[in-house]
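S.K.: Below: one structure in structure tokens.
The values are calculated or read from the model by the stated rules, or taken from the named source; none is laboratory data. Note that the coordinates shown come from a computational prediction; the quantities given were computed from them, not determined experimentally. Cβ coordinates were reconstructed from backbone atoms using ideal geometry, including for glycine residues, and neighbour counts include every protein chain displayed. We work out accessible area using only protein heavy atoms, side chains counted, and drop any ligands, DNA or RNA first. Shrake-Rupley method; radii C 1.70, N 1.55, O 1.52, S 1.80 Å.
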Protein chains: 2
Amino acid sequence: MNKVVALAGGVGGAKLVFGLSKILTPDKFTAIINTGDDFKHLGLKICPDIDSFCYSRAGISDQKHGWGQKNESWNCLTELKKLGSETWFQLGDKDLALQLERARLLSSGLKLTKVTRSLCKKLGIEANVIPMTDDNVSTIIHTEEYGEISFQEYFVKYKFIPRLINYRFDGISNARMTPESKKAIEEADLVVICPSNPWLSINPILEIENTKELIQQKTVVAVSPIVGNIAIKGPAAKIFLEMGIQPSAFEVARLYQSIIKGFVLDNKNKNETDTISSWGIIPFVTDTMMNDDRSKIRLATEIYSFAKKTLRT
Amino acid sequence: MNKVVALAGGVGGAKLVFGLSKILTPDKFTAIINTGDDFKHLGLKICPDIDSFCYSRAGISDQKHGWGQKNESWNCLTELKKLGSETWFQLGDKDLALQLERARLLSSGLKLTKVTRSLCKKLGIEANVIPMTDDNVSTIIHTEEYGEISFQEYFVKYKFIPRLINYRFDGISNARMTPESKKAIEEADLVVICPSNPWLSINPILEIENTKELIQQKTVVAVSPIVGNIAIKGPAAKIFLEMGIQPSAFEVARLYQSIIKGFVLDNKNKNETDTISSWGIIPFVTDTMMNDDRSKIRLATEIYSFAKKTLRT
């Protein structure tokens, strides 16, 4: 298990990426982050999933809100409100500075992968975090109430209350893997699918070109974002229900059945291991809650050990 | 003299536009503003000349600096500095909010004229202020020290210290007049060329399509930006010298000779009236300094009266 790649979205995913990036050096670990949640806001390209990880890894994240930076001020947002602008996506003054610097680097012609590397460096982050693609892919949620809306509108503006009828990844068929993501996957001995939304966070990554096929050749372990029958954060459990599926860890494992060799599920789901084993997947039961840096590192260590000992081919 | 159009740049020009907009109702007055100074900064389109007028007209301009908003804070800029971003163009948090709202409106597909109207409305400004074009035109300064640089780099970053060898308006041959600017000029009884830089602020406006020809059919009065032999603000006098011309009011009049019928010059230049008259231009000598709102309105009133009484055809 020399080299590890993680696939992740922004919430639980970013937490496990944090843990893995703390126990594995940058030459041994690459996180490929979903960018389907990226969107254009006030003329700027916002990458919430990348930022979520970066702020947390740089030790500047607002732990209370779970988004944005700590010790934040809101002067620009206050003025935007006065101007009657769009303010449902709350950008603090510091957060905004990062978005502007990203915009500056992008408009200088750099690709998102290089821009992300540069921003990480500026934030003092040594971990290898790359976007799933340098192309624009937008997760569009078809809702009952508002028709088709962007992921951030669904997630932030409407707090994932609308009923999801369907979803699609706009631009996915033209999006290309980056040389960096291709190389990382090809060289990987282990791929960890983080506890992110399988449909909306992991699916877009797998659907870029032949990412899924490349990953199928690897030893893959997935971590359930469903604990008990709920999602710790985000709409995963709700979407399961809207798709007519009772949310559970084994239903997540079922979605990844053709890819994974191992599956990590929470103590609360330990009675689901037989079902998972019956599909030829090796289950690993542990405490998957990541409430602080310590537990993120602990879970990352456990998953790495499990994969090393049990999944070795 | 029913309808008046003013052509202006950002510094002295914006001051006279302020005065004119205070004595003439929006149905009788339109200001056409140079947008060659606009530039892309941190991924945002910044329109310094339009903003300069708007902030002053809305009563929120920073009188001390002569740019930006009063009671400004700098939290985002401070963070941009930490990130090692470009911070020579100082955007305060409030100023930034306006730039972001402009970006939002532009990315929604609105043209700059409509965006400007919307921003004016949001700022409570009733005056008719329109950009010279909805297309991108960039004033490029060819300097001895730095080669070709944008106007804002020349003006703000390098404080117009570099020697100007030449200048050009990138994109001008493809730029079109807007229906709004065409209509305003066609309906105008009087065109006032404000005390802006003749080369860098007024020239771009005149060079959009057949603006100059349209204006030549009108009664035109220009106001000298040179007082004595200096420019109150900006590089006009310095550029005169770099072009081998001794800066004076009559040299400004000479530049506009084919267009203007009247010329307003400062008391300090009163001995230049004979030269100006000898070209068939009617001079009007007064105090052209505009240090406060009162003097802006006074000068506007004097120019309007002069034109009404003396230049009537």
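S.K.: Restricting to the range B:27-56, and then to whatever is among the basic types (Lys, Arg) and closer than 19 Å to B:Leu105 by Cα, can you tell me which residue is surrounded by the most Cβ atoms within 10 Å (Cβ to Cβ)?
M.R.: It comes out as B:Lys45.
S.K.: Another question, if that's okay. Being closer than 28 Å to A:Phe29 by Cβ, within 14 Å of another protein chain (Cβ to nearest Cβ), assigned to a loop (DSSP other than H, G, I, E, B) and open to solvent by 10 Å² or more (accessible area, probe 1.4 Å) is the requirement here; does A:Gly124 meet it?
M.R.: Spelling it out, A:Gly124 is indeed closer than 28 Å to A:Phe29 by Cβ, within 14 Å of another protein chain (Cβ to nearest Cβ), assigned to a loop (DSSP other than H, G, I, E, B) and open to solvent by 10 Å² or more (accessible area, probe 1.4 Å).
S.K.: Select from the range A:198-248 the residues that are at positive phi and of a type in the set (Gly, Ala, Ser) and list them in ascending order.
M.R.: Scanning the range A:198-248 gives A:Gly228, A:Gly234, A:Gly244.
S.K.: If I go through the range A:214-247 residue by residue, how many of them are more than 19 Å from A:Lys15 (Cα to Cα), in contact (Cβ under 8 Å) with a residue 24 or more places away in the chain and open to solvent by less than 10 Å² (accessible area, probe 1.4 Å)?
M.R.: Of the residues in that region, 2 qualify.
S.K.: Turning to a different aspect of this structure: List pairs: first in the range A:65-88 and free of Cβ contacts under 8 Å to residues at least 24 places away in the same chain, second open to solvent by 20 Å² or more (accessible area, probe 1.4 Å) and among the β-branched types (Val, Ile, Thr), Cβ under 8 Å, 6+ apart or cross-chain?
M.R.: Going by the 8 Å Cβ cut-off, the qualifying pairs are A:Lys70/A:Ile60; A:Leu77/A:Thr87; A:Lys81/A:Thr87.
S.K.: Name every residue in the range B:167-202 that is in a helix (DSSP H, G or I), among the charged types (D, E, K, R) and free of Cβ contacts under 8 Å to residues at least 40 places away in the same chain, in order of residue number.
M.R.: B:Lys182, B:Lys183, B:Glu186
S.K.: Further question on the same structure: Taking the range B:139-152 only, how many residues are open to solvent by 10 Å² or more (accessible area, probe 1.4 Å) and in contact (Cβ under 8 Å) with a residue 60 or more places away in the chain?
M.R.: The number of residues fulfilling the criteria is 2.
S.K.: Now for a different question. Applying the selection to the range B:203-260, what residues are of a type in the set (Val, Ile, Thr), under 11 Å from B:Val191 (Cβ atoms) and part of a helix (DSSP H, G or I)?
M.R.: Of everything in the range B:203-260, those that are of a type in the set (Val, Ile, Thr), under 11 Å from B:Val191 (Cβ atoms) and part of a helix (DSSP H, G or I) turn out to be B:Ile205, B:Thr211, B:Ile215.
S.K.: Can you spot a residue in the range A:94-104 that is out of contact with any Phe, Trp or Tyr (no Cβ under 8 Å at 6 or more places or on another chain) and modelled with pLDDT under 95?
M.R.: Looking for residues that are out of contact with any Phe, Trp or Tyr (no Cβ under 8 Å at 6 or more places or on another chain) and modelled with pLDDT under 95, one finds none in the range A:94-104, hence no.
S.K.: Looking only at the range B:277-313, which residues are hydrophobic (A, V, I, L, M, F, W, C) and over 22 Å from B:Gln217 (Cβ atoms)?
M.R.: B:Val285, B:Met289, B:Met290, B:Ile297, B:Leu299, B:Ala300
S.K.: Being away from every other protein chain (no Cβ under 11 Å) and touching a strand residue (DSSP E or B) at 6+ places or on another chain (Cβ under 9 Å) is the requirement here; does A:Ile149 meet it?
M.R.: Yes, satisfied.
S.K.: Every residue in the range A:5-17 that is at pLDDT 95 or above and over 8 Å from the mean Cα position of the chain (by Cα), please.
M.R.: A:Val5, A:Ala6, A:Leu16, A:Val17
S.K.: Follow-up question, since we're still on this one. Among the strands (runs of 3 or more DSSP E) lying completely within the range A:1-107, list those that include at least 1 residues that are within 14 Å of chain B (Cβ to nearest Cβ).
M.R.: Where strands (runs of 3 or more DSSP E) fall fully within the range A:1-107 and carry at least 1 residues being within 14 Å of chain B (Cβ to nearest Cβ), they are A:39-41, A:44-46.
S.K.: Please state which one of A:Lys114, A:Lys159 is among the charged types (D, E, K, R), away from every other protein chain (no Cβ under 13 Å), free of Cβ contacts under 8 Å to residues at least 60 places away in the same chain and touching a helix residue (DSSP H, G or I) at 6+ places or on another chain (Cβ under 9 Å).
M.R.: Sole residue among the options that is among the charged types (D, E, K, R), away from every other protein chain (no Cβ under 13 Å), free of Cβ contacts under 8 Å to residues at least 60 places away in the same chain and touching a helix residue (DSSP H, G or I) at 6+ places or on another chain (Cβ under 9 Å): A:Lys114.
S.K.: Select from the range A:154-172 the residues that are crowded, with 17+ Cβ neighbours inside 10 Å and touching a Ser or Thr at 6+ places or on another chain (Cβ under 9 Å) and write down the one among them that is farthest from A:Trp88 (Cα to Cα).
M.R.: The residue in question is A:Ile172.
S.K.: Could you grab the pairs with beta carbons closer than 7 Å, sequence gap of 6+ or different chains, first residue in the range B:266-287 and aromatic (Phe, Trp, Tyr), second one modelled with pLDDT of 95 or more and open to solvent by 70 Å² or more (accessible area, probe 1.4 Å)?
M.R.: Correct list of pairs: B:Trp279/B:Gln257.
S.K.: Against the condition surrounded by 18 or more Cβ atoms within 10 Å (Cβ to Cβ), under 26 Å from B:Gly171 (Cβ atoms) and out of contact with any Pro (no Cβ under 8 Å at 6 or more places or on another chain), how does B:Ile205 come out, does it pass?
M.R.: yes
S.K.: Just for the range B:281-298: of the residues that are open to solvent by 60 Å² or more (accessible area, probe 1.4 Å) and not in a helix (DSSP H, G or I), which one is nearest to B:Thr310 (Cα to Cα)?
M.R.: So, considering only residues that are open to solvent by 60 Å² or more (accessible area, probe 1.4 Å) and not in a helix (DSSP H, G or I), the one nearest to B:Thr310 (Cα to Cα) is B:Asp287.
S.K.: From the list B:Leu110, B:Leu123, pick out the single residue that is modelled with pLDDT of 95 or more and over 20 Å from the mean Cα position of the chain (by Cα).
M.R.: None of the other options fit; the residue is B:Leu110.
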